[in-house]
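Only one structure is covered here, and it is reproduced in the block below.
The values are calculated or read from the model by the stated rules, or taken from the named source; none is laboratory data. Just so you know, these numbers come straight off a predicted model, no measurement behind them. Don't worry about glycine lacking a Cβ; one is built from the backbone with ideal geometry, like all the others, and counts go over all protein chains shown. Calculation scope for accessible area: heavy atoms of the full protein, side chains included, ligands and nucleic acids excluded. Shrake-Rupley method; radii C 1.70, N 1.55, O 1.52, S 1.80 Å.
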Amino acid sequence: MLDTGPLQDAYRALLDAAATVAGADGPIPAPPDGEWSADEILAHVSLVSAATVAAVADIAAGANTTYDNRAALDAWTIERTIAHAGGNAGLRDRISDQAAALCALAGGTALSEAELGTLVPARLLSKDTLLVDQPMPLRDIVTGLADAELPGHTKQLLALLPERATTGATR
């Protein structure tokens, strides 16, 4: 069984940051060129979360699977996800539900240790940089969300806050 406590904590921190940004006084400054808005960040996280749930469910169902985050980087797909979710609040609700589903599947008895160790062909990019192009244990895909993906996007969200709201905050 996988300890999903760190994953739950990472999702909670991301959703808290998203709510803070959404509730900030005054307009949120436009992100720097080449960076995403809060809604785009949340849509990306939702797409990555959905892909992770799908991979975990496939392994639990005894099916072969792959893990590829390129769709979660596609501008058209991100905009469509924002529209389908109904914007920021809908994206936060969607991510919350995806987090609950992923933690239930990965942390419960749905997967054995052998299944968590299943090598999944993975291709992971960040912007235009290839990070991973090799099989990874399913466990590492899930824990990678808690260790790197979600904390990185939490920082990205908090960086969008107007300077007056982040005075004294650690980035």
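Residues to consider are ALA114, ALA30, ALA38; find the one that is aliphatic (A, V, I, L, M), open to solvent by 70 Å² or more (accessible area, probe 1.4 Å) and more than 20 Å from THR143 (Cα to Cα).
Being aliphatic (A, V, I, L, M), open to solvent by 70 Å² or more (accessible area, probe 1.4 Å) and more than 20 Å from THR143 (Cα to Cα) holds for just one of ALA114, ALA30, ALA38, which is ALA30.
Given LEU130, LEU138, LEU124, LEU119, which one is within 16 Å of ALA57 (Cβ to Cβ) and at pLDDT 95 or above?
So the residue among LEU130, LEU138, LEU124, LEU119 that is within 16 Å of ALA57 (Cβ to Cβ) and at pLDDT 95 or above is LEU138.
Considering LEU157, LEU102, which residue is within 16 Å of ALA43 (Cα to Cα), in a helix (DSSP H, G or I) and open to solvent by less than 20 Å² (accessible area, probe 1.4 Å)?
Criteria check complete, one pass: LEU157.
Of the conditions (1) within 16 Å of the chain's Cα centre (by Cα); (2) open to solvent by less than 50 Å² (accessible area, probe 1.4 Å); (3) touching a residue at least 60 places away in the same chain (Cβ under 8 Å), GLY107 satisfies every one except a single condition; which number is it?
Result: GLY107 fails condition (1) only.
So, in region 1-39, how many residues would count as being at pLDDT below 90 and in a helix (DSSP H, G or I)?
The number of residues fulfilling the criteria is 0.
Count, please, the residues in region 77-91 that happen to be part of a helix (DSSP H, G or I) and open to solvent by 60 Å² or more (accessible area, probe 1.4 Å).
Adding up the residues that qualify gives 4.
Restricting attention to region 41-76, which residues are surrounded by 23 or more Cβ atoms within 10 Å (Cβ to Cβ) and in contact with a His (Cβ under 6 Å, 6 or more places away or on another chain)?
Passing the criteria: ILE41, VAL45.
Under 8 Å between Cβ atoms, at least 6 apart or on separate chains: pull out the pairs that start in region 34-46 with a residue that is among the acidic types (Asp, Glu) and end on any residue that is open to solvent by less than 10 Å² (accessible area, probe 1.4 Å).
Going by the 8 Å Cβ cut-off, the qualifying pairs are ASP39/LEU91; GLU40/ILE78.
Is it fair to say ASP147 is at pLDDT 95 or above and surrounded by 13 or more Cβ atoms within 10 Å (Cβ to Cβ)?
Taking the combined requirement at face value, the residue satisfies it.
I'm trying to understand the selection: among the residues of region 112-121, which are over 20 Å from the mean Cα position of the chain (by Cα) and closer than 17 Å to THR66 by Cβ?
Selection gives GLU115, GLY117, THR118, LEU119.
For THR65, work out the one condition from (1) without any contact (Cβ under 8 Å) to a residue 12 or more places away in the chain; (2) touching a helix residue (DSSP H, G or I) at 6+ places or on another chain (Cβ under 7 Å) it doesn't fulfil.
Result: THR65 passes all but (1).
I'd like to know if region 69-79 contains one or more residues that are touching a strand residue (DSSP E or B) at 6+ places or on another chain (Cβ under 7 Å), among the basic types (Lys, Arg) and at pLDDT 95 or above.
There is at least one residue in region 69-79 that is touching a strand residue (DSSP E or B) at 6+ places or on another chain (Cβ under 7 Å), among the basic types (Lys, Arg) and at pLDDT 95 or above.
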